[in-house]
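Just below is one structure, and these are the notes that go with it.
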Amino acid sequence: MSADIKCLKWNKTILRPTNVLDYSEYTLALQPSYWLSLKTKHHPIKVSFLGQKNRLASLDNSNNIYVYDWTKANIKIIKTKYEHKGKLTNLASNYLGNKIATCSDSGKIQLWNFQFSNYKILTEFRGHFHSIRNIEYSSDNNYLISCSNDKTFKIWDCQTNKFVASNMFHNNWVNMAKFFNCNKLVVSCSRDSYIQVFDCCSGKCVVKFNLSPDYAETLTLKEDFSIAVGTNLGSIQVFDLRALKVLQMYNKHTSQVNCIQYQYKTPCLVSVSKDKKLNVYDTIEGRFLYSIYHLNEIKSMDISSNDQLLATTSFRFDNEVTLWKLETMKF
């Protein structure tokens, strides 16, 4: 089926084995070193690096939003609280790092703009009928995608502040949806056990993967058309979007995977789970590398776009975000 879809055509992807990686790259193939702890008032549930700047945004479970800035010697912390009705459930930043989006259990999305001393809600989208589980910006920063317990994901135009499209192909909560392939596709996962690929041009679902009896809680994408998902039962599965098959499977977690992410410039894949472990895998050689144990469930993690930093929650204390420095293979 995928052979007929123009945006899924095979391209000449050059994959490099681990032993010939550019030695100047920072890689999670080497275990990162602890660098810094950033305090929060309550338990952080989401972390997100802000573009290519030395800044990180986090959201805790009491509607507090923090931005940490370490561009200078002293770390600057900007904090605000969402005071309106509803509980914030997730946070995302655009690729420029100058805007933050949040979503709530009341079905609303808030777009924030911030300066060095204050926050301001620019606009609020309303369209979901149940709690929103996740939000993501498109790679060009022009669109936002949200997914909800109302079994849909919706696309919003951040320039005109208008609703663009809605997907109603899932039969249960949509856990995550991401833009892919220059925003031509959307890949989503749901509690209905399906991973679906939505063609934004035709408005159709073009590819499906069934994980039954398990389902994907989170997913991440690689430009070589690989989809990696973390499931409710704790497995990591890597799919090829064009060959329509599972390439790799890892069973190193014993509980639900909360977050999964590819490193940007290396074949390393990172997952965090309810089992308090951060796991790293080499997807070229198809092997598990190592674990870093945390104090409690790891709700969220993120990798900086320059691959030099990793942020995780609940490493030594519940009310903190930990930054890790990635090692370089340069000798």
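The values are calculated or read from the model by the stated rules, or taken from the named source; none is laboratory data. Quick caveat, the model's predicted, so the values are computed rather than measured. Cβ atoms come from the backbone with ideal geometry, glycine included; neighbour counts cover every protein chain shown. What goes into the accessible areas is simple: the full protein's heavy atoms, side chains included, and nothing from ligands, DNA or RNA. Shrake-Rupley method; radii C 1.70, N 1.55, O 1.52, S 1.80 Å.
Descriptive notes on the structure:
- Links that overshoot a 25 Å alpha carbon limit, given the list 53/151; 39/325; 99/162; 39/154; 79/222; 81/178: 53/151; 39/154; 79/222; 81/178
- Estimated D of the chain in µm² per second, where Rh is the Kirkwood radius over Cα pairs and Stokes-Einstein applies at 37 °C, 0.692 mPa s: 163 µm²/s
- Per residue, the chain exposes 45 Å² of accessible surface when a 1.4 Å probe is rolled over the protein heavy atoms with every protein chain present.
- Whole-angstrom gap from the range 157-234 to the range 48-97, using each part's C-alpha centre: 25 Å
- Label-to-label distance for residue 123 and residue 319 is 3.7 nm, based on points extended 7 Å past Cα in the beta-carbon direction.
- Estimated from the Cβ-Cβ distance and a Förster radius of 22 angstrom, the FRET efficiency linking residue 223 and residue 306 is about 0.80.
- Distance between the modelled labels on residue 140 and residue 34, one decimal in nanometres: 4.5 nm (7 Å Cα→Cβ projection).
- Expressed as a whole percent, the accessible surface of the range 247-331 that belongs to carbon and sulfur atoms is 49, based on a 1.4 Å probe.
- Modelled label positions at residue 42 and residue 246, each set 7 Å beyond Cα in the direction of Cβ, lie 3.8 nm from each other.
- Selected from 205, 147, 103 as most flexible by GNM, with the chain as the system and alpha-carbon contacts under 10 Å: 205
- Straight-distance candidates among the lysines for linking to residue 274, with alpha-carbon spacing under 17 Å and chain neighbours fewer than 8 residues away dropped: 46, 252, 299.
- Ranked by the mean number of other Cβ atoms within 10 Å per residue, highest first, peptides 74-83, 233-242, 161-170 order as 233-242, 161-170, 74-83.
- Rounded to 0.05, the FRET efficiency of the residue 53 and residue 208 pair, given R0 = 30 Å and the Cβ-Cβ distance, is 0.20.
- Taking the protein heavy atoms of the range 61-191 in the context of the full set of protein chains, the accessible area attributed to carbon and sulfur is 49 percent at 1.4 Å.
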